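Student: Sharing a structure here in structure tokens format.
The values are calculated or read from the model by the stated rules, or taken from the named source; none is laboratory data. A quick note: this is a predicted structure, and the numbers were derived from the prediction, not measured. Here the Cβ positions follow ideal geometry from the backbone for every residue, glycine too, while neighbour counts run over all protein chains shown. Just so you know, the surface numbers come from the protein's heavy atoms only, side chains and all, with ligands and any DNA or RNA stripped out. Shrake-Rupley method; radii C 1.70, N 1.55, O 1.52, S 1.80 Å.
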Amino acid sequence: MFGFFVNLFKKIFGSKNDREVRKLRPLVEQINEIELGLQSLSDDDLRQKTADWKARLSKIEDKAELAKALEEIMPEAFAVVKNTCRRLTERKTEVIVREHPLPWEMVPFDVQLIGGIALHSGKIAEMATGEGKTLVATLPVYLNALTGRGVHVVTVNDYLAARDSEWMGAVYKFLGLTVGCILHDQPPSVRREQYNCDITYGTNAEFGFDYLRDNGMAARKEEQVSADTITPSWTRSTRS
């Protein structure tokens, strides 16, 4: 009998996940409305938003104050990413991914905006194959990169790290951000350059070992890569 009432409750009110998603709908509508207004801006006007946000957010030292500031600009920042994707799509932009030209044909759907909001909020966003996990990550990655503190996107192997840094890098670079990628055969000098980027892709193994090297395993300073800030606010994991 108890199970009957539980199922009845879910049918009427939806599951907890359904209720959480419904709460985000007004925010998704706000993002889409802002993005509509961005379509009349020039590329330079759109990029200027990135520069202005970075200049302001990089000066905030208090973590609570920074988190509040990110929440305030999140709808517009997500709209900027969506609008960039729209421009790349409409212009039939080709992105070189693993030495092959790939036409950009992606503009975030509402479900992907919801996934991006969830990731930024520190929640787990479970998405099925084909629902665009790779694109979803660009939304919170861009937002958090505006702090100037570096964002690390963790995936499962070198190929995906390299692929995504090139593929999604088209969005970040269009908006004026720098993108790096940590691969297993890179010397310390190259790794330092990659870590100094606004956004750095890599695997959990590479990030983990770099942290260990910098904090006791490196015999010389030249072997360190200044990766002591490897503390991702969230991790994007995919096998697609």
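Student: Inside the stretch 104-192, counting only helices (runs of 4 or more DSSP H) that do not spill past its ends, which hold 1 or more residues that are charged (D, E, K, R) and either touching a Phe, Trp or Tyr at 6+ places or on another chain (Cβ under 9 Å) or more than 30 Å from Asp44 (Cα to Cα) (or both)?
Tutor: Those helices (runs of 4 or more DSSP H) span 158-167.
Student: Ok, one more. Can you name the number of the only condition in (1) at pLDDT below 95; (2) surrounded by fewer than 18 Cβ atoms within 10 Å (Cβ to Cβ) that Thr155 fails?
Tutor: Result: Thr155 fails condition (2) only.
Let's see how each residue does on (1) of a type in the set (S, T, N, Q); (2) at pLDDT 95 or above; (3) open to solvent by 50 Å² or more (accessible area, probe 1.4 Å):
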site	(1), (2), (3)
Asp164	no, yes, no
Val171	no, yes, no
Pro187	no, no, yes
Asn204	yes, no, yes
Asp210	no, no, no
Arg213	no, no, yes
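Student: Which ones in the stretch 148-193 are over 15 Å from the mean Cα position of the chain (by Cα) and acidic (Asp, Glu)?
Tutor: Across the stretch 148-193, the qualifying residues are Asp158, Asp185, Glu193.
Student: Moving on to the next point. Looking at (1) out of contact with any Leu (no Cβ under 6 Å at 6 or more places or on another chain); (2) modelled with pLDDT under 95, find the lone condition where Leu102 falls short.
Tutor: It is condition (2) that Leu102 fails.
Student: Sort through Lys92, Lys54, Lys49 and tell me the only one that's touching a Gly at 6+ places or on another chain (Cβ under 6 Å), at pLDDT 95 or above and open to solvent by 40 Å² or more (accessible area, probe 1.4 Å).
Tutor: Residue meeting the stated conditions: Lys54.
Student: What about Pro232, is it open to solvent by 20 Å² or more (accessible area, probe 1.4 Å) and either of a type in the set (D, E, K, R) or at pLDDT 75 or above (or both)?
Tutor: Answer is no for this residue.
Student: Hey, among the residues in the stretch 96-111 that are open to solvent by 10 Å² or more (accessible area, probe 1.4 Å) and in contact (Cβ under 8 Å) with a residue 60 or more places away in the chain, which one's nearest to Tyr159 (Cα to Cα)?
Tutor: Here the answer is Arg98.
Student: While we're here: Consider Thr238 against the criteria (1) at pLDDT 85 or above; (2) of a type in the set (S, T, N, Q); (3) open to solvent by less than 30 Å² (accessible area, probe 1.4 Å): it satisfies all of them except one. Which criterion is unmet?
Tutor: (1)
Student: May I ask you to list the residues in the stretch 189-202 that are polar (S, T, N, Q) and open to solvent by less than 20 Å² (accessible area, probe 1.4 Å)?
Tutor: Scanning the stretch 189-202 gives a single hit, Thr200.
Student: Tell me which of these Pro75 doesn't satisfy, since it passes every other one: (1) free of Cβ contacts under 8 Å to residues at least 12 places away in the same chain; (2) farther than 17 Å from Asp198 by Cα; (3) part of a helix (DSSP H, G or I).
Tutor: (1)
Student: In the stretch 193-204, what residues are in a helix (DSSP H, G or I) and not acidic (Asp, Glu)?
Tutor: Within the stretch 193-204, Gln194, Tyr195, Asn204 qualify.
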